[in-house]
1. Under 5 Å between amide hydrogens, which residues at least 5 positions from Leu11 or on another chain qualify, with H placed 1.01 Å from N in the peptide plane?
2. Projected onto the charge dipole of the chain (+1 at Lys/Arg Cβ, -1 at Asp/Glu Cβ, origin at the Cα centre), which of Val218, Ala68, Thr58 gives the Cα projection farthest towards the positive end?
3. Which value, in debye to the nearest 20, gives the size of the charge dipole of the chain about its Cα centre, when Lys and Arg are +1 and Asp and Glu are -1 at the Cβ?
4. Kindly state, to the nearest 0.05, the FRET efficiency for Arg113 paired with Ser138, given R0 = 35 Å and r defined as their beta-carbon distance.
5. Pop a pseudo-label 7 angstrom from the Cα along the beta-carbon direction at both Arg56 and Val218 and give the gap in nm to one decimal.
6. Using a probe radius of 1.4 Å on heavy atoms only, what accessible surface per residue do you get for the chain? Whole Å² is fine.
7. Report the full-extension gain for the segment Tyr91 to Asp187: residue separation times 0.36 nm, less the Cα-Cα distance, to one decimal in nm.
8. For the chain, which whole-number percentage of the solvent-accessible area (1.4 Å probe, protein heavy atoms only) is attributable to carbon and sulfur atoms?
Amino acid sequence: MPGARVVAEHLSRRYGQVLALDDVSFEVEPGELLALTGPSGSGKTTLLQLIGSLDRPTSGSIGVDDIAVEQLSNPTHFRRSIVGFVFQLHYLLPALSLQQNVELPMMAAHVSRQERAERSRELLKEVGLEGRAQDHPSELSGGERQRVAIARALGGFPRLILADEPTGSLDTAASHRVWKLLGDVRDRRGTTVIVASHDPSLTEHVDREIHIVDGRLVPPPDRASPAGGGRTAAARHES
């Protein structure tokens, strides 16, 4: 299934006197791996929440394919069928096995028990954790837990992955594995992936970068990247 196209037009979000996003417009092409960058408090997480229907804009519009996200009266189906979420805090349930954690979104979508079991084992294999289905989160490293969180996000065959600082609490090696996994998801499935991140290594892994400061889009910083690094170096410096 191809990735989703995302279009934000004149998007603003105000919380009381705080203008978290200010007239933000951009497009993300199907199958693109995009990084949202900027300092803490710049509006990256707010933007992800608006795209994923976890919040509503004060003004402006968000289109995901032919869906007007800001107009959804009941966004539950949209979140289950179109979007997969990955957070810095993986939110795995410690009392459940890895397989059970991956199955949770499928249970909410009323997938049969047999299909859930088969699908969850396939996803754990896809993220390099085959044979660990009956382990619990406490038996895993931080990077491994984040890989389980990605497997869980893929359970509903999403066309769009939204990841908020997925490498924020990981060491360099684990961060690299998570970035590679997100890239592999995009390459194999065509899934559109939008990642909010402070990770300085992101230029090696993404197609393009959108930089946000004080709720507004600004040109990305001129990052030095290693020779051959990055997926489409010219595109990363487009605004």
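The values are calculated or read from the model by the stated rules, or taken from the named source; none is laboratory data. These figures come from a predicted structure and were not determined experimentally. All Cβ positions, even for glycine, are placed from backbone atoms using ideal geometry, and neighbour counts span all protein chains on display. Just the protein is used for accessible areas: all its heavy atoms, side chains included, with ligands, DNA and RNA removed. Shrake-Rupley method; radii C 1.70, N 1.55, O 1.52, S 1.80 Å.
1. When sequence neighbours closer than 5 places are left aside, the close amide H contacts are Asp23, Val24, Ser25, Ser61.
2. Final value for the positive-end residue is Ala68.
3. Values: 27 positive and 31 negative charges, 103 e Å.
Rounded to the nearest 20 debye, it is 500 debye.
4. Working: r = 25 Å, r/R0 = 0.72.
Approximately 0.90, to the nearest 0.05.
5. With each label placed 7 Å out from Cα toward Cβ, I get 3.2 nm.
6. Numbers: 11140 Å² over 239 residues.
Heavy-atom accessible area per residue stands at 47 Å².
7. Details: separation 96, 0.36 × 96 = 34.56 nm, distance 2.59 nm.
Result for the pair: 32.0 nm of gain on full extension.
8. Details: 5710 of 11140 Å².
C and S fraction of accessible area: 51 percent.
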